[in-house]
Amino acid sequence: MNAEDRVREFARSLFDDVRFTSVEPPGHSDFVDAWLKAGLNGELGYLEGDRAEIRAGRQDDPRLLGGAQTTIVVALSYTDPEEKDGPIARYARRPDYHPVFWEKLNTLTSWLESEFPGTKSRGFCDSGPLRERELAARAGLGWQGKHTNLISLELGNWFFLGALLTNLKLAPDPPFSGNHCGTCTRCLAACPTGALVAPQVLDARRCISYLTIELKGAIPLELRPLMGGRVFGCDDCLAVCPHNEHARAGREMKLAARDFPDLVGLLTLTETDESFKAAFAGTPMLRTKRIGLRRNICVALGNTGGPEAIPLLEQVLETDPSELVREHAAWALERLRA
């Protein structure tokens, strides 16, 4: 068995897919520059900061891994054909995928060092200036859909991506050929806020995932009614993709999904920082902090709540220490009383 087959066999015992590509920079840097110049990244300032220095550079840059010769791209699926969409994005109903990914990347790194003495490797999972989707497409894992996310013929579009740079020379897999979206525009039509302004072009400032997770201040008034009952992320563009219909279920992450209470119950769980941290420990939902999630719940109740939500929102308006939360509670009350 050659080195490529040995690495692939072991890595597939950890991940749902694994592919190899070179350390050359991915293309489309001009597109990324134009996207940033247009301000479509919103408050995602890190994309213009230190990471921008090497976002178009080689993966063997000394600041990443000097002497790197191969980029190993790995995918971890959370596809579950029985799962339904709701106010919380599917990935966030599971434990934070970062620790899961890091454990597997570290296991792969240790194995490489043991099997191939002298090997150096460094893993990445949302932790470096790598454009994983473009690297994954070049490695043959899938193609970038019109919703900007990667689509795999085997996994659909419900999966996480990571990468491992290594100085072990492995023959690259052929790039994914073609684009299987065809004339389908379901994802563009499904976006409630019109954030997909063109195929493969996302205006983050209008994206519900951005608004509910990344945006730290007030949600724009004109976008609040379009958010429906979503409080953390949005799956609409992913859920309508026809390539999910035949995707194989994830071996691990699909099993870890948990149930959360309704909006009223979520409001109760976020009354204090202590209750918030206890309720969402180990999940991605900690990213919003109590204030952010409570802000989102107020908007969702304003869009989908009934008379029973009014007393709770009144209490929020009177007692919540955050001016941001109180402002969104007042907005929700005005809608429910209209």
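The values are calculated or read from the model by the stated rules, or taken from the named source; none is laboratory data. Computed from a predicted structure; not experimentally measured. No Cβ is skipped: glycine too gets one built from the backbone with ideal geometry, and neighbour counts run over all protein chains shown. To get the accessible areas, we keep the full protein, side chains included, count just its heavy atoms, and leave off ligands, DNA and RNA. Shrake-Rupley method; radii C 1.70, N 1.55, O 1.52, S 1.80 Å.
Summary table below
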quantity: Flag for ARG248 being among the charged types (D, E, K, R), assigned to a helix (DSSP H, G or I), open to solvent by 50 Å² or more (accessible area, probe 1.4 Å) and on the phi < 0 side of the Ramachandran plot; calculated: no
quantity: Sole exception among (1) in contact with a strand residue (DSSP E or B) (Cβ under 8 Å, 6 or more places away or on another chain); (2) surrounded by fewer than 20 Cβ atoms within 10 Å (Cβ to Cβ); (3) under 27 Å from ALA3 (Cα atoms) for GLY142, by number; calculated: (2)
quantity: Complete set of residues in the stretch 170-183 that are touching a Gly at 6+ places or on another chain (Cβ under 9 Å), in contact (Cβ under 8 Å) with a residue 12 or more places away in the chain and either surrounded by fewer than 16 Cβ atoms within 10 Å (Cβ to Cβ) or among the hydroxyl-bearing types (Ser, Thr, Tyr) (or both); calculated: PRO174, PRO175, ASN179, HIS180
quantity: Search result, residues across the stretch 327-338 that are assigned to a helix (DSSP H, G or I) and open to solvent by 10 Å² or more (accessible area, probe 1.4 Å); calculated: GLU327, ALA330, TRP331, GLU334, ARG335, LEU336, ARG337
quantity: Pair list, Cβ under 7 Å, 6 or more apart: the stretch 12-40 residue closer than 19 Å to LEU135 by Cα, other residue polar (S, T, N, Q) and at pLDDT below 85; calculated: VAL23/GLN59
quantity: Unmet requirement for ARG206, which otherwise passes all of (1) closer than 28 Å to ALA330 by Cβ; (2) open to solvent by 50 Å² or more (accessible area, probe 1.4 Å); (3) more than 17 Å from the chain's Cα centre (by Cα); calculated: (3)
quantity: Test result for ARG258, open to solvent by 40 Å² or more (accessible area, probe 1.4 Å), touching a residue at least 40 places away in the same chain (Cβ under 8 Å) and within 30 Å of GLY45 (Cβ to Cβ); calculated: no
quantity: Any chance TRP111 is in contact with a Phe, Trp or Tyr (Cβ under 9 Å, 6 or more places away or on another chain), touching a residue at least 12 places away in the same chain (Cβ under 8 Å) and surrounded by fewer than 19 Cβ atoms within 10 Å (Cβ to Cβ); calculated: yes
quantity: In the stretch 11-34, the residues that are open to solvent by 50 Å² or more (accessible area, probe 1.4 Å) and at negative phi; calculated: ARG12, SER13, GLU24, ASP30, PHE31, ASP33, ALA34
quantity: Condition met for PRO311 (under 25 Å from CYS187 (Cβ atoms) and assigned to a helix (DSSP H, G or I)); calculated: no
quantity: Number of positions in the stretch 126-136 that are surrounded by fewer than 24 Cβ atoms within 10 Å (Cβ to Cβ) and more than 20 Å from LEU44 (Cβ to Cβ); calculated: 0
quantity: Of the criteria (1) modelled with pLDDT of 85 or more; (2) of a type in the set (D, E, K, R); (3) under 24 Å from LEU196 (Cβ atoms), which one GLU48 fails; calculated: (1)
quantity: Among the residues listed as LEU312, LEU324, the single one being under 14 Å from LEU267 (Cβ atoms), touching a residue at least 24 places away in the same chain (Cβ under 8 Å), hydrophobic (A, V, I, L, M, F, W, C) and open to solvent by 10 Å² or more (accessible area, probe 1.4 Å); calculated: LEU312
quantity: Enumeration of residues in the stretch 169-219 that are within 30 Å of THR70 (Cβ to Cβ) and in contact with a helix residue (DSSP H, G or I) (Cβ under 6 Å, 6 or more places away or on another chain); calculated: LEU170, ALA171, PRO175, PHE176
quantity: The stretch 109-158: number of residues that are among the aromatic types (Phe, Trp, Tyr), modelled with pLDDT of 95 or more and not in a loop (DSSP other than H, G, I, E, B); calculated: 2
